Structures are given as structure tokens and as C-alpha cells.
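Asks: Next up is a structure, given as C-alpha cells.
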Amino acid sequence: MKSNWRNKFRPAHLLLAAGAAFGGAAHAVNDLPGGPSVRQLNMPVGVTKIAQEQHLLHTWMMILCTVIFVAVFAVMFYSIWKHRKSVGHKAANFHESVVVEVIWTVVPFLIVIVMALPATKVLVAQKDTTNADLTIKATGYQWKWGYDYITGEGQGLGFISTLDSSQRAMSDNGAKGEIPVDYLFKVDNPLVVPVDKKIRIITTANDVIHAFAVPQFGIKQDAIPGFVRDTWFRAEKVGDYYGQCQELCGKEHAYMPIHVKVVSSADYTAWVDVKRKEAAAKLDDPNKVWALPEILARGEKVYAANCAACHQANGKGAGPIKPLDGSPKVLDPDHTDQINVLLKGQAGGAMPSWKQLSDTDIAAVISFTKNSWSNKTGQLVQPAEVKTERAKL
Ligand SMILES: [Cu+2]
């Protein structure tokens with residue numbers, strides 16, 4: 001889960017040789033509170049009752065299995081040793097023993113019952129998503145999460161949560177230098193929820209199967225296109241908790257982290273208030289006429305958050321990802337083609353559709369690509385042009 005497993009797991013005495021071979025210095029990697037720890041082997045204890053029960057179950061099952069393992073192998077090795085041929089033992093020759101058969105049926109049956117009873121109890125509790133205080137829909141996209149607050153305080157809020165673009169770039173460069181403690185877990189918009197409230201998460205996906213998982217809450221639920229599944233948690237401690245998409249969903253699968261911020265109920269109310277105001281301010285008027293510097297500033301942000309992962313910050317793309325720098329479509333004084341690439345995607349979805357972005361964001365990012373790198377067209381795309389093309393979809 002963490003970066004640089006190489007640095008953590010290679011034996012110390014190999015460090016020098018390996019360090020020289022890989023040519024990289026060993027970076028200090030630290031535990032992420034609420035996320036994975038360095039050299040973590042066990043499950044986290046967790047901050048929900050379910051997670052703690054899962055942890056306890058896991059511990060007891062391990063103990064039970066170890067006891068059985070030791071007992072069975074002890075009897076086996078003892079018998080093999082004690083009754084070996086070289087000290088004159090002869091194999092007994094018998095068929096059918098009711099006593100033995102009853103024992104080897106009843107004992108495992110009892111063991112299964114002892115394991116299944118508590119496990120079923122937790123499993124059933126885990127699936128009980130009724131009476132939630134808050135319902136939030138988590139939608140998996142290649143490769144980010146969308147959160148929509150469906151019911152409860154904050155109803156109607158919705159946003160996209162994307163990996164921090166500087167951390168993404170750092171990963172491409174081999175994670176050199178100081179590694180942030182939340183490396184590859186930092187997102188622009190964390191999922192914010194109140195403490196001690198039952199949060200129901202409905203999962204679905206927009207393209208391929210993803211999975212919403214937060215180990216500290218003991219939850220993991222597939223997010224399947226065209227289906228809805230659900231899970232729930234009640235976090236008992238304020239703090240930041242982290243998870244990742246846990247269903248291999250394409251080449252950026254490792255780059256769609258989940259950051260859940262659990263806050264006090266007063267802080268949550270305040271956050272909802274701020275988000276509401278932000279949403280109102282962002283409700284851009286698609287008929288607004290923008291000036292070039294203003295729309296370029298907006299477009300730069302949209303590009304960094306959505307496009308740079310594929311087309312690169314320098315607009316040069318890579319491999320099958322066409323460069324935007326110098327692209328005839330981008331330079332074209334007729335804007336309709338490029339607007340439609342953004343609205344519909346291209347090459348069967350290799351270039352995804354961006355119709356979830358607002359008219360203003362699309363106009364801004366197009367304007368940005370038309371005036372960045374060596375593209376110095378001076379062209380400005382207004383949101384109204386995007387609106388016109390969108391109406392034809
Ligand atoms: Cu995914």
C-alpha cells in the first residue's frame with residue numbers, strides 16, 4: 001500500500017548494495033495516522049465497533065487455528081516418530097471404527113459452530129444499513145471518487161475527490177526527495193462526515209468496477225456500474241481516515257485514494273454551511289461572457305485536476321495519449337470539434353467524456369489548452385458555446 005516497499009522490506013545489510021544498484025537513497029517513510037503504517041502486518045484495530053469486532057474475530061480465529069494446527073501436527077509427528085519401523089513397530093490393520101468416525105465428525109462440527117456463530121453475528125450487523133443518519137453515494141470513476149450527499153444534514157451537496165496532482169507527479173518521478181506522510185492519499189476534497197453518526201454509503205460506478213474501502217472503518221464494498229450496493233459505518237473518533245479503491249480498475253487504479261474526514265457535529269454543520277455557499281457561488285452562469293486572463297486562470301485549475309494525469313502538465317501526452325501541445329484540433333479556430341471531444345470523448349473512451357464538468361469548466365479548460373505551451377492562439381471559448389453543443393447531445 002505504501003510507496004517504496006523496496007526501501008522497507010529489503011534486509012538492512014543489503015541496503016547499501018541495493019541502494020547502489022537502484023541508485024536511489026532510502027527515504028524515511030512514516031506511519032500515516034488513520035491509514036497504513038510502516039511494516040504493518042495486522043489489520044488496524046479500527047475506529048468503528050464493526051472494525052473492532054472484525055479485529056477481535058480475526059485474532060480469535062488465528063488463535064483457534066494455531067491451536068488446532070499445533071495439536072494436529074504434534075500428534076502426527078509424535079506418532080510418526082514413536083511408531084517408526086526402525087524400532088520395530090508394525091502398522092495396525094483395521095477397518096471401520098465407529099468411535100473414531102464419530103469423533104472426527106463431531107469435533108470439527110463443533111469447531112465450525114464455534115467459529116460461525118460470532119462471525120455470522122458480525123456479518124449480519126455489517127449488512128444492516130437501516131436507520132442511517134446520513135446517506136452518501138460514492139461513485140467510482142476512472143480514476144477518482146464522486147460523493148453525493150443524498151439524505152441527512154448536507155443533503156444535495158456533491159463533489160469530486162481527486163488525488164493531489166503534485167503527489168501524482170511525484171509518483172511519476174520515482175518519489176524522490178521528502179515523502180509527505182500522506183503520500184498518494186492526499187485529495188482535493190475529502191469526504192467529510194460527523195462523528196458518532198450512522199453513515200450509509202451507497203456505492204456505484206460510472207465506468208468499470210471499483211471498490212470503496214476504508215480499513216479503519218472495517219468497510220469494503222464493490223462499486224459496480226449500473227448497480228447500487230451499500231455499506232455503513234459509525235466512526236467513534238474524530239480524525240482523518242484513509243482507504244483506496246480496492247478493485248483493479250485500470251492503469252491509474254493506485255491513484256484514487258479515499259480520505260474520510262470525521263469531524264464533530266458542530267464542525268460538520270459549519271462545513272455544510274461553507275460548502276453550500278461555495279456551491280451557490282460556483283453555480284456559474286453559462287451565459288456569462290469571460291475575459292481571457294480570467295478564464296485561463298480557471299482553466300489551469302481544471303486542467304491540473306482532470307487532464308494532466310494523462311496529457312501531462314506540459315501538454316505533450318505520452319504513448320497513445322495524444323499531445324495537446326500543437327494538436328490541430330486544439331489550434332482549430334472552429335471550436336466545435338474540440339468541444340465535442342470533451343463532451344463525448346474520443347477513440348472509444350480512451351479519451352473519456354467530460355460531460356460531468358460544467359459548461360464553464362469545459363470552456364475554461366479548452367481556452368487554457370488553446371493558449372498554453374506553444375499553443376498561442378489567443379482564442380477564447382465561452383461557456384455559451386459549450387452549452388450550445390451540449391444541447392445537441
Ligand atoms: Cu478504481
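Asks: So is Val75 farther than 30 Å from Gly243 by Cα, surrounded by 10 or more Cβ atoms within 10 Å (Cβ to Cβ) and without any contact (Cβ under 8 Å) to a residue 12 or more places away in the chain or not?
Replies: Yes; evaluated as a whole, the condition is true for this residue.
Asks: Related question: Going through region 205-229 one residue at a time, which ones are surrounded by fewer than 23 Cβ atoms within 10 Å (Cβ to Cβ), more than 13 Å from the chain's Cα centre (by Cα) and either at pLDDT 95 or above or not acidic (Asp, Glu) (or both)?
Replies: Passing the criteria: Asn206, Val208, Ile224, Pro225, Gly226, Phe227, Val228, Arg229.
Asks: Let me ask something else about it. Would you confirm, using the coordinates I've provided, whether Arg168 is touching a residue at least 60 places away in the same chain (Cβ under 8 Å), away from the ligand (no atom under 16 Å from the Cβ) and assigned by TED's automatic domain parsing to the domain that holds Thr269?
Replies: So Arg168 fails the test.
Asks: Could you pull out the residue among Pro108, Pro44 that is under 23 Å from the mean Cα position of the chain (by Cα) and either under 20 Å from Lys220 (Cβ atoms) or not assigned by TED's automatic domain parsing to the domain that holds Phe233 (or both)?
Replies: Selected residue: Pro44, the only one of Pro108, Pro44 that is under 23 Å from the mean Cα position of the chain (by Cα) and either under 20 Å from Lys220 (Cβ atoms) or not assigned by TED's automatic domain parsing to the domain that holds Phe233 (or both).
Asks: How many residues, within region 169-194, are buried (at least 18 other Cβ atoms within 10 Å of the Cβ) and either in a strand (DSSP E or B) or in contact with a Phe, Trp or Tyr (Cβ under 8 Å, 6 or more places away or on another chain) (or both)?
Replies: 10
Asks: Could you list, ordered by first residue, the pairs with Cβ atoms under 6 Å in which the first is in region 133-158 and free of Cβ contacts under 8 Å to residues at least 12 places away in the same chain and polar (S, T, N, Q) and the second is away from the ligand (no atom under 16 Å from the Cβ) and assigned to a strand (DSSP E or B), at least 6 apart or interchain?
Replies: Matching pairs, first to second residue: Gln155/Tyr149.
Asks: Here's a check for you: in region 204-248, which residue that is away from the ligand (no atom under 11 Å from the Cβ) and β-branched (Val, Ile, Thr) is farthest from Ala138 (Cα to Cα)?
Replies: Top of the filtered list is Val238.
The values are calculated or read from the model by the stated rules, or taken from the named source; none is laboratory data. No experiment lies behind these values; they were computed from the predicted model shown. Ideal geometry is used to build each Cβ from the backbone, glycine not excepted, and the neighbour counts take in all protein chains shown.
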